[in-house]
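Every number in this text was worked out from the coordinates using simple rules, so none of it is lab data. This one's a predicted model, so the numbers in the text were calculated from it and none came from an experiment. Neighbour counts run over all protein chains shown; Cβ positions are idealised from the backbone, glycine included.
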Ligand code: GLY
Ligand code: MN
Ligand code: MN
């Protein structure tokens, strides 16, 4: 938790951006797994955390700009709850720690909102991303469920995105904690993954390290020998000789700020010559893209720069041919790099994705492309000092996609289809790091982690 004054400053700034009405920011409630009392680990809503800092379930933050008050609605535990939970600080005590002096019971929220609605006060809220949010909004505001998506406040979304996009020093310090816990996970995977293990055996150890770091996984780990499947969560495949492993994992620090790193390594102690060659192509693209990060540049242009580097490398490998810029413009590289280069990172791994990509990654005038590949680019807009972003190019050899394109002779002026057979069982390679955009360029967040072929092989060769 940060200081009470920081939360107060954030709420005041949000209030100034909105100017009037009521800002309704519900926190999350417990979510049940298999029976009511069996909960998933509690995860507070990120926007609620940003403005109200408290992790307890069942709170609602409200900023009443017309009355000039900030309130927290929620309930204290009673003696029967205490039997199960032990003593819990009163809501008033916790509210004081985040600079809120007005606390009400949750059951008073509806009446408060009814009064506001009866006087025509606008009530602003964000898009719900859990079914219970939709039901709460329906109950509190008497909006038909079907009308809720169209009733969210774009003004509020834009105001919050403008604030959460620029990370303060205290937030960057927390992201670094998340990245450094993620580093310990990556180092464990690099050192201790061995032939014969299942993906889940290592994935489980990585989750243990995230929890030991004081937080938890920020997202389900991707630890797989099928790295060509972009979001393939670990399972019971065995690590077998000759395969590559993609390890894409992230710890959330105790504050919930996230790390997000990917390394790719051989099950064996060393890469094969072909694996090494493809790895160098991805590394070159990753380093070129990272070096181009600076305020004022479109992230979309950095994505395209990385694509051009990948095409250059694939031409060297004999898989592609023709003009590099034309190949990228036509999307020929998307046979091997189907997704976007990266995303914002913060309290969420895909930061603020619940607020809507058109506002987080794009603008009113920069609209998302519908072209295969570009349509998966989460972030395109101009970078600003204080943004935290990932850079994560990859090459993914998906047999089904290669077969489909080959049968259709798709973009065959750019692709040497007869050379693809050697790659049917290659898998995928991704390299991912997290960067702060600074006034002069960029800063790698967290301690440096082995990344070159030599650095990775040196770790794999450890007994
Ligand atoms: N870990 C998911 C991603 O890198 O976007
Ligand atoms: Mn990522
Ligand atoms: Mn990742």
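Could you state the angle between the C-alpha long axis of helix 109-118 and the longest principal axis of the C-alpha atoms of the chain, as a value from 0 to 90 degrees rounded to the nearest 10?
So the inclination is approximately 80 degrees.
In percent, what relative contact order does segment 308-419 have, based on Cα pairs under 8 Å that are 6 or more apart in sequence?
Reported relative contact order: 38 percent.
Per DSSP helix of 4 or more residues, -39500 (n - 2.57); summed, then divided by the residues of the chain. What does that give at 222 nm, rounded to the nearest 500?
It lands at -11500 deg cm²/dmol.
Gain in length, residue 187 to residue 298, computed as 0.36 nm per residue apart minus the alpha-carbon separation, to one decimal in nm?
36.7 nm
For the Cα atoms of the chain, what angle does the longest principal axis make with the long axis of helix 154-164, in degrees from 0 to 90, nearest 10?
70 degrees
Between residue 9 and residue 119, what is the label-point separation in nm under the 7 Å Cα-to-beta-carbon projection?
The modelled label-to-label distance comes out at 3.1 nm.
So what is the relative contact order of segment 129-227, in percent, for Cα pairs below 8 Å that sit 6 or more residues apart?
17 percent
Could you state the number of Å between the C-alpha centres of segment 371-417 and segment 79-127?
Here the two parts' Cα centres lie 46 Å apart.
By average Cβ neighbour count within 10 Å, what is the ranking of 201-212, 346-357 from highest down?
Ranked by mean Cβ neighbours within 10 Å, highest first: 346-357, 201-212.
So the label point goes 7 Å from the Cα of residue 97 along Cα→C-beta, right? Which residues of segment 224-265 then have their backbone N under 17 Å from it?
Inside the label zone: 254-257.
Can you grab the distance from the C-alpha centre of segment 143-179 to the C-alpha centre of segment 59-73, Å, no decimals?
That distance is 18 Å.
If one computes the Cα centroid of segment 222-272 and of segment 420-463, what distance in Å separates the two points?
Spelled out, the Cα-based centre of one part sits 11 Å from the other.
Order the peptides 20-27, 270-277 from the highest to the lowest mean number of other Cβ atoms within 10 Å of their residues.
20-27, 270-277
Residue separation times 0.36 nm, minus the C-alpha to C-alpha distance between residue 452 and residue 276: what's the value?
Full extension of this stretch gives 62.4 nm more.
Using 0.36 nm times the number of residues separating residue 329 and residue 367, minus their current alpha carbon distance, what extension gain do you get?
Taking residue 329 through residue 367 to full extension adds about 12.0 nm, to one decimal.
Mind pulling the angle between the C-alpha long axis of helix 4-18 and the longest principal axis of the chain? Nearest 10 degrees, somewhere in 0 to 90.
So the helix axis and the longest Cα principal axis differ by about 90 degrees.
Taking only C-alpha pairs under 8 Å that are 6+ residues apart, what is the relative contact order of segment 28-92 in percent?
After rounding, I find 21 percent.
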